[in-house]
Amino acid sequence: MWARAPLFRLAIPFFCGMYLHPSTSLPTLGILCGFLLILFTFLQYFHLRIWSYHHRHEGGMLTFGVVFVCGLLCGQLGQQPATPFPTETPSSITALEITDGPSERKSSIRYQAKLVGATDARVESQRGTTIWLYIKKDSCELYCPGNILAVNKAPKEIQGPQNPGEFDFKAYSSILGITGMLYAVPDDVQLIDSTQTRSLFSSARDHMLSRLDSSGLSTAQLGVIKALSLGYKDDLESAQKEDFAKAGAMHVLAVSGLHVGLIYMVLNTLLKVPPGFRKLRILKGLVVISFIWLYAGITDFSPSVLRSSVMFTFLVAGDLLGRKLSTLNSIAASAFFLVCLQPTIIYRLGFQLSYLAVCGIVIFQPFLASLLVPRFKPIRWAWDLTCVSIAAQLFTLPLTLYYFGHFPVYGILANLLIIPLATGLLYSSLLFSLLPSIKWVSTALEFIVDILSTCMLATTSFVSRLPGSQLTAQLSDSWAMLLLLLLVVALVVYLLSAIRTWLFAVGLLLLVLLSWPALKEFGSQSDPALCIHAFPKSTCISFLGEGRGTIMAHEEAHLDSISLEQKVKCSWNHFDIDWNTRQAQMLGRGITLIEVGTNKYHVNTGDLSDYKSNGEFTLVIPHEKWNDAYRKYFVHGHSIVLDESISYYERNDWIRTLKEEGQDYWDIREEGALILTRTDIEAASRKYRRTSPTFSD
């Protein structure tokens with residue numbers, strides 16, 4: 001398999017280079033190129049025939065390095081130039097052309113949009129730039145690519161991560177050539193040109209969706225059917241997504257290679273051509289390819305469908321030419337094709353999961369299936385299906401744990417029921433939405449769709465409610481994810497080759513992975529003890545130590561679980577602290593004083609007009625606008641912390657006064673979360689005691 005897939009072997013280092021190019025500077029790239037040139041010259045000088053069979057390993061390593069550097073170069077050349085927007089948002093009416101979307105988020109609808117004009121000169125200078133457009137979800141109209149909108153707001157620069165461990169959305173957007181974002185409510189948005197980049201595929205998809213809507217199926221059933229057959233997820237309920245995720249069946253709702261494979265299988269079966277009819281065989285191949293790409297267009301050319309469509313096109317073309325193409329080569333060719341069309345697609349999670357899953361199925365599934373060959377066909381079919389699920393989930397496990405932090409325990413068993421139901425539902429729903437409205441045919445198909453969708457929803461609901469349906473195991477960082485991925489690859493190679501060296505590699509990688517948290521802790525200079533987070537419109541403080549933590553926050557921050565997940569939990573994971581909000585405490589309004597001792601904290605919050613200091617180094621966090629009563633907290637050795645609990649204008653008043661008084665302060669909006677280690681606290685406490693200040697009345 002490996003020897004017959006040279007394109008796949010070259011694709012691995014090439015795509016690794018493309019993926020890693022954002023973290024590689026031009027000087028580093030130059031050093032790599034120079035090293036490879038010197039190495040090649042050295043080998044040629046000593047007349048080593050590195051391309052001969054005897055030196056195949058040396059030649060392979062050199063080829064790997066050259067292709068890796070080529071990937072880095074392609075990534076650098078393909079990177080879109082991005083100009084940052086003004087930090088301060090000007091007042092402007094902005095004209096935007098929708099280029100991609102809509103994409104549903106928890107509280108908004110996200111689009112990619114091109115800036116085509118603005119009333120503010122600074123924003124107008126960014127004409128042609130692509131930005132993120134977020135529109136609040138409350139009863140907002142959905143827009144299509146090609147629509148031109150007038151938004152009564154101006155884009156602003158994308159903010160980098162302000163809390164430890166927070167996802168670097170700015171870097172991710174920069175890779176895509178996007179440096180601006182714009183938040184708007186529906187009242188701020190006006191459609192000024194409804195021209196849509198619509199096609200025959202869009203019209204066909206709309207017809208099929210309306211045909212399904214005209215049936216007597218429930219809303220829950222329609223949401224699943226539309227997602228499964230057409231990739232339309234707007235009608236999916238959040239509870240349904242959660243049930244499918246816990247049951248390990250989210251891949252059923254994401255139109256992918258499974259769906260294209262089912263289309264290919266039924267067409268290949270129905271259009272069987274007897275041997276000797278070459279012209280009919282060519283016609284059959286053209287019909288199969290046409291239907292595959294028609295389905296890809298109807299499902300809006302999602303990356304997973306594109307990958308599968310290209311791969312099956314190569315397979316059918318090879319069959320027409322009388323050649324048996326390597327499946328791995330077809331996978332690599334489809335990846336190259338998609339990256340050539342859209343270089344940034346390599347950074348999308350769906351693309352990565354899709355290719356890892358199909359590589360796992362092609363490489364590892366035959367080995368698993370050969371371990372047991374039941375004679376009874378239904379059992380053999382069930383075992384083959386189980387092997388497909390095991391192979392796909394094994395290869396996608398590192399990304400799943402890194403990005404989502406949980407793994408479906410009963411996913412393999414649940415898929416034994418869900419995939420057959422999904423297969424029947426895909427065929428019947430497509431026939432129902434495509435065939436003319438003939439009464440008895442429509443009634444029969446609607447009955448079948450109703451039964452299958454009801455069974456699928458009942459199965460996922462039952463499995464998701466079983467005890468321990470999800471295994472929670474959040475990988476701490478990308479290095480842990482990479483170690484786990486290497487461990488999976490080494491294990492698979494050992495099982496396929498039975499070479500003991502790979503078994504040694506498995507043991508070594510497993511040891512490093514298990515000891516990774518301890519290695520990280522050993523490499524860190526000091527444990528974090530206190531973190532005042534960058535938290536929207538509120539104060540949120542984490543007290544950390546010895547693997548445990550406590551949160552203090554305003555009431556609205558405590559109730560906002562989305563922000564806690566995005567802003568605070570990521571920090572705890574970054575510091576390897578077990579996440580726990582059961583002991584969260586509420587802060588009062590007015591002001592918060594944190595008296596920091598060497599081994600203790602004393603927190604005072606609320607109306608502190610009669611407060612007296614106990615002589616400890618103190619962090620002062622105001623929650624309201626400046627007034628002269630706060631001047632008594634201006635003490636040498638103390639520090640004022642300005643977080644997002646005060647408005648932008650109140651913050652400016654505070655900063656102006658603090659600068660006039662020469663008082664130390666920390667601006668979280670500008671500098672990010674304030675993190676104090678035990679070493680920092682001890683140093684600050686010693687410095688404070690030497691000056692021995694007290695609060696003045």
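Is there a pair in LYS136/LYS156; LYS226/LYS284; LYS106/LYS246; LYS114/LYS537 whose C-alpha atoms are over 21 Å apart, and which pairs would that be? Please report the intermediate quantities before stating the final value.
Details: LYS136/LYS156 17 Å; LYS226/LYS284 29 Å; LYS106/LYS246 19 Å; LYS114/LYS537 30 Å.
Result: LYS226/LYS284; LYS114/LYS537 exceed 21 Å.
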List the pair-distance distribution P(r) of region 199-356, using every Cα-Cα distance, as the percent of pairs falling in each 10 Å bin from 0 up to the bin containing the longest distance, rounded to whole percents. 10, 33, 34, 18, 5, 0
Assign unit charges at the C-beta atoms only (+1 for Lys and Arg, -1 for Asp and Glu), then state the dipole size of region 251-365 relative to its Cα centre in Debye, rounded to the nearest 20. 440
Counting only protein heavy atoms and leaving out ligands, DNA and RNA, the solvent-accessible surface of ARG110 at a 1.4 Å probe, in Å² to the nearest 10, equals 30
Under a 1.4 Å probe, counting only protein heavy atoms, HIS574 has an accessible area in Å², nearest 10, of 90
Between region 292-351 and region 447-505, what is the C-alpha centre distance in whole Å? 24
What is the Cα centroid distance between region 250-264 and region 151-227, reported in whole angstrom? 22
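Could you order TRP666, TRP132 by accessible surface area, starting with the largest, using a probe radius of 1.4 Å?
Values: TRP666 70, TRP132 5 Å².
Correct descending sequence by accessible area is TRP666, TRP132.
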Residues of region 140-166 with amide N under 17 Å of the 7 Å Cα→Cβ point at GLN190: 141, 148-154
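Below 12 angstrom from the Cβ of SER428, what's the summed charge of the other residues (Lys, Arg +1; Asp, Glu -1)? Mind showing how you got there, number by number?
Working: positive: none; negative: GLU446, ASP450.
Computed value for this residue: -2.
The values are calculated or read from the model by the stated rules, or taken from the named source; none is laboratory data. Keep in mind that what you see is a predicted model, and the values were worked out from it rather than measured. Cβ: placed from backbone, ideal geometry, glycine included. Neighbour counts: every protein chain shown. Side chains are part of the model used for accessible areas, which takes the heavy atoms of the whole protein and leaves out ligands, DNA and RNA. Shrake-Rupley method; radii C 1.70, N 1.55, O 1.52, S 1.80 Å.
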